[in-house]
Amino acid sequence: MKRLFTLLGCYILASGLIGCAVNPVTGKNQLSFVSPEQEVAIGAKNYEPSQQSQGGRYVVDPELTVYVNKVGQKLAAVSDRPQLPYEFVVLNNDVPNAWALPGGKMAINRGLLVELKDEAQLAAVLGHEIVHAAARHGASQQTQNILISTGLLAAGVAASTQDSEYAGLAVGALGVGANAWMSKYSRSHELEADEYGIAYMIKAGYDPMGAVELQETFVKLSEGRQTNWLEGLFASHPPSQERVAANRAMAQANPGGVRNKAAFDKAMAQVRKDQTAYANYQKAMKTASEKNYTNALSLVENSIKQQPKENLFWELKGQLLLQQKKEKEAVTALDRAIQANPEFFRPYVYRGVAHKQLGNTAQAEKDLVASQQLLPTQLAAYYLGEIALGKGQRSAAATYFQQAAQGGGEIGEAAKAQLAKLQAP
């Protein structure tokens, strides 16, 4: 059926509607109406919003990103598209995940790094993601998705390709948010990324057994159904014994290579040292979700004592104080969050809300605008609408409320109500 899909796409090519491209990694034909130049532009455009909506960059120890980028660049240099503007960042997110945007922009979460044992396993993760970019998997998946949604294919063909779904990047209650090119990759794409990712590892001098161990870990964790893993890496990269066996056969045929465990341990020292602090942070968030704000505050205070440079800890403290109507104290905590990482959108939103509740309208507007420049969100748009309305700027208020209405939920309904008032005679 996939062959029929490709043939039909090439038939559509003859009609001038779509393009058949050669996969730069495998040499096989695949559908794509996104040019290589467009891929690079798409990745560049979506990279920062994608990072923002998933925790922002990990800044407590910037050398960790330097290290990860160095390993990634080593693998990218031996890939089938070494000319792409590859970039690798570490995201400040506990969910184990890694992803690649078209054009070579990639990220790996702090939550996945702590599950790895050495540099060879890191190389297995990054090599896999490099293949997704080098083989143009994102563009191929998006092409299939659009063809299905626009009805260009027969129902029988469309039904066979429903695994090519794209997921938006959720920002929780905050968010209109960014839309990134991330997909649930097809089985063939995953096997392809495994195979050629291992080939890149071997070319770069790494022990390919790292890829086997990685898949074995993933299978074990998926069988245990750990929720955070299912929400992260497994959502787009489902593990299987088939992948373990394929990786093992390739590794056994190419024994040897480096593990670089000492270098990896050195790079991971700070994150590992702070694991108790992050565990308390996770407990604090769970406790807060149960509306036990006092206990949650105590837990996050412990996290701050252990690692005062972590912006997420200060941000959560600010949110909790805001819930307790302690706006002045919340502003102080959110000041620390912004000082720790001035390039992350979320504390600006909450500090803006705190200032608005304190009657500091000018500072509230400044913070909310700053947050929108980093990542547009429903909550910031709604409050900016209220501020514009208070200043008599009805047109600006309507624009903000229209943005907020797109997010749905209670805030979306409130925004629609404000729009109805503005439009009333």
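A short reminder: the numbers here are calculations on the coordinates, not readings from a lab. Just so you know, these numbers come straight off a predicted model, no measurement behind them. Here Cβ is always computed from backbone atoms with ideal geometry, including for glycine, and neighbour counts include all displayed protein chains.
Key figures for this structure:
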item	result
Computed FRET value (nearest 0.05) for Lys291 with Gln241, which takes r as the C-beta separation and R₀ as 35 Å	0.25
Net charge of Cβ neighbours under 10 Å - reference His132; Lys, Arg +1; Asp, Glu -1	-2
Potential extension, Leu191-Ala44 segment - 0.36 nm per residue separation minus Cα distance	50.3 nm
Share of alpha-carbon pairs per 10 Å distance bin for the stretch 252-372, given as whole %	14, 36, 26, 12, 8, 4, 1
For Met250, Met209, Met106, order by how many other beta-carbon atoms lie within 10 Å, fewest first	Met250, Met209, Met106
Under 12 Å, Cβ to Cβ, from Lys105 - net charge with Lys/Arg +1 and Asp/Glu -1	-3
Enclosed volume per residue, in Å³, of the convex hull spanned by Cα atoms of the stretch 348-410	74
Residue order, fewest to most surrounding Cβ atoms within 10 angstrom, among Ser50, Ser395, Ser371	Ser395, Ser50, Ser371
Distance between modelled label sites at Ser395 and Leu422, nm, 7 Å Cα→Cβ extension	1.2
Peptides ranked, highest mean first, by Cβ atoms within 10 Å: ranges 328-341, 255-268	328-341, 255-268
Low-density loop positions, chymotrypsin sites (Phe, Trp or Tyr not before Pro), the stretch 32-88 - DSSP coil, at most 13 other Cβ in 10 Å	none
Size-normalised alpha-carbon gyration radius of the stretch 295-425, reference 2.2 N^0.38 Å	1.12
With eigenvalues of the C-alpha gyration tensor scaled by 5 and rooted, the stretch 41-127, Å	19, 17, 10
Cα→Cβ-extended label distance, 7 Å offset, between Glu343 and Ser298, nm	3.8
Kirkwood hydrodynamic radius over Cα pairs of the stretch 264-307, then Stokes diffusion coefficient at 20 °C and 1.002 mPa s, in µm²/s	198
Pairwise FRET efficiency - Glu223 versus Val114, Cβ, R0 = 22 Å, nearest 0.05	0.65
